[in-house]
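The values are calculated or read from the model by the stated rules, or taken from the named source; none is laboratory data. For clarity, every value in this text was computed on a predicted model and none was experimentally measured. Cβ: placed from backbone, ideal geometry, glycine included. Neighbour counts: every protein chain shown. Each accessible area value is taken on the protein alone, full model and side chains, heavy atoms only, with ligands, DNA and RNA left out. Shrake-Rupley method; radii C 1.70, N 1.55, O 1.52, S 1.80 Å.
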Amino acid sequence: MDFNMKKLASDAGIFFTRAVQFTEEKFGQAEKTELDAHFENLLARADSTKNWTERILRQTEVLLQPNPSARVEEFLYEKLDRKVPSRVTNGELLAQYMAEAASELGPSTPYGKTLIKVSEAEKRLGAAERDFIHTASLSFLTPLRNFLEGDWKTISKERRLLQNRRLDLDACKARLKKAKAAEAKATTVPDFQETRPRNYILSASASALWNDEVDKAEQELRVAQTEFDRQAEVTRLLLEGISSTHVNHLRCLHEFVKSQTTYYAQCYRHMLDLQKQLGRFPGTFVGTTEPASPPLSSTSPTTTAATMPVVPTGAALAPPEEAALCLEEVAPPASGTRKARVLYDYEAADSSELALLADELITVYSLPGMDPDWLIGERGNKKGKVPVTYLELLS
């Protein structure tokens with residue numbers, strides 16, 4: 001019990017000394033040991049990294065989950081070390097409503113058939129969104145969160161310890177300075193009024209006491225300087241590790257961009273397929289014989305464009321027979337052909353297009369006046385138009 005009380009009293013004394021030194025520094029009444037410029041730059045760089053990592057992390061969470069209530073729920077599950085329950089995405093919920101609407105309104109009607117097709121596409125979009133959120137959370141959010149909850153906490157702890165060591169060092173410097181000033185005053189020659197033997201004895205005794213105090217202060221200063229240098233080196237090594245953190249975050253950022261690219265490519269492919277499927281429905285966009293409200297003008301080009309949307313496909317440039325005939329007669333240019341790797345399977349909509357299989361290599365080139373979203377692809381003796389979004393150009 002006595003040992004604990006002594007330790008408690010010692011800790012209280014150290015805390016009080018640090019508080020006095022800190023207060024005097026704030027009021028400009030004490031000197032402060034300044035860190036070198038390189039160390040200050042490392043501190044500023046670490047603080048900037050931490051602040052921007054927090055902002056990027058929060059905004060990415062908003063991007064992946066716009067609902068704040070859902071984010072709070074996921075945060076609580078993570079803190080409780082419990083598995084986050086599976087959540088239906090907005091696209092999947094929309095697909096469910098469309099499928100139920102088609103079942104009730106009539107799945108055999110043009111509107112019902114279209115609802116079913118769109119619901120299937122929305123369901124695939126929802127599944128793609130779920131995969132993107134999962135991949136982005138693992139490859140991007142988790143490393144950022146690990147840095148803030150792991151490495152940064154260690155850096156902050158060592159910085160606080162360095163601050164305490166610096167306060168102890170400056171307090172020892174101030175104590176030594178005061179002891180030397182008192183020693184110098186005690187060793188001065190006494191004036192004519194202090195020439196009695198008793199005064200000489202007292203002066204010599206005080207000088208000896210202040211000599212011991214100076215020796216003790218110098219010893220404490222050497223110890224404080226050693227501890228401060230050791231702690232400064234530890235903190236410096238941790239701060240220099242921020243460069244490795246940047247490298248790791250850069251790799252994670254590439255993974256995030258890759259997952260986002262894959263997600264949007266899947267969405268584009270699903271919607272392109274849906275658009276082609278809707279274009280093949282003969283009565284998809286044909287209204288009923290007795291519309292509820294008559295159109296403003298049966299001859300208005302604006303009304304026609306609004307009620308009869310045109311689905312652009314590769315075959316829109318020419319009829320299938322003419323397009324196939326033109327492609328067979330067209331020779332590839334002498335220069336400008338490139339190799340391309342197919343990213344996804346593609347089913348040809350008509351004879352003018354070339355069916356593709358994932359990971360196969362084909363030769364592609366463009367023709368003057370051709371739609372930039374399409375290229376001419378060749379595989380052996382087969383030739384046809386291929387969408388650019390399904391290809392990765394190699395050379």
Task: Label-point separation, ASP215 to LYS177 (7 Å along Cα→Cβ), nm - done: 2.5 nm
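How much of the DSSP bridge set in the stretch 338-394 is antiparallel, in percent, rounded to the nearest 5?
Details: 17 of 18 bridges.
About 95 percent, rounded to the nearest 5.
Suppose the chain between LEU63 and LEU393 were pulled fully straight at 0.36 nm per residue; how much longer would it get relative to their current alpha carbon spacing? Show your work: numbers first, answer last.
Values: separation 330, 0.36 × 330 = 118.80 nm, distance 3.03 nm.
Between LEU63 and LEU393, full extension yields 115.8 nm more.
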- [ ] Give me the distance in nm between label points sitting 7 Å out from Cα along the Cα-to-Cβ direction at TYR264 and THR33, one decimal.
- [x] 5.3 nm
Task: Exposure of MET271 as accessible area (Å², to 10), given a probe of 1.4 Å and all protein chains - done: 80 Å²
TODO: Taking H placed 1.01 Å from N in the peptide plane, check which residues at least 5 places from TRP374 or on another chain put their amide H under 5 Å from its amide H.
DONE: VAL388
Open item on the list: Taking a ≥ b ≥ c as the square roots of the Cα gyration tensor eigenvalues, with a/c under 1.5 meaning rounded and otherwise prolate when a/b beats b/c, else oblate, which class fits the stretch 338-394?
Closed with: rounded
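Per residue, how many Å² of accessible area does the stretch 338-394 show with a 1.4 Å probe?
For the stretch 338-394, the per-residue accessible area is 51 Å².
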TODO: Please give every one of the lysines within straight-line cross-link reach of LYS382, meaning a C-alpha to C-alpha distance under 26 Å, and leave out same-chain neighbours fewer than 8 residues apart.
DONE: LYS276, LYS339
Task: Rounded to whole Hz, the Karplus (6.51, -1.76, 1.60) HN-Hα couplings of the stretch 339-349, x for glycine and proline - done: 8, 9, 9, 7, 7, 9, 5, 9, 9, 5, 6
- [ ] Pull up all non-local amide H partners of ALA348: gap of 5 or more, or a different chain, and H-to-H distance under 5 Å with H placed in the peptide plane.
- [x] ALA355, LEU356
Task: Candidate lysines - alpha carbon under 28 Å from LYS50, same-chain residues fewer than 8 apart omitted - done: LYS26, LYS32, LYS79, LYS83, LYS153, LYS157, LYS258
Open item on the list: In whole Hz and in residue order, list the ³J(HN,Hα) couplings for the stretch 123-130 that follow from phi through the Karplus curve 6.51 cos²θ - 1.76 cosθ + 1.60, θ = phi - 60°; x for Gly and Pro.
Closed with: 5, 5, 5, x, 5, 5, 5, 4
- [ ] Using the Karplus curve 6.51 cos²θ - 1.76 cosθ + 1.60 with θ = phi - 60°, work out ³J(HN,Hα) for each residue of the stretch 358-364 in order, rounded to whole Hz, and write x for Gly and Pro.
- [x] 4, 6, 7, 9, 9, 9, 10
- [ ] Using a 1.4 angstrom probe on heavy atoms only, work out the carbon and sulfur share of the accessible area of the stretch 338-394 in %.
- [x] 52 percent
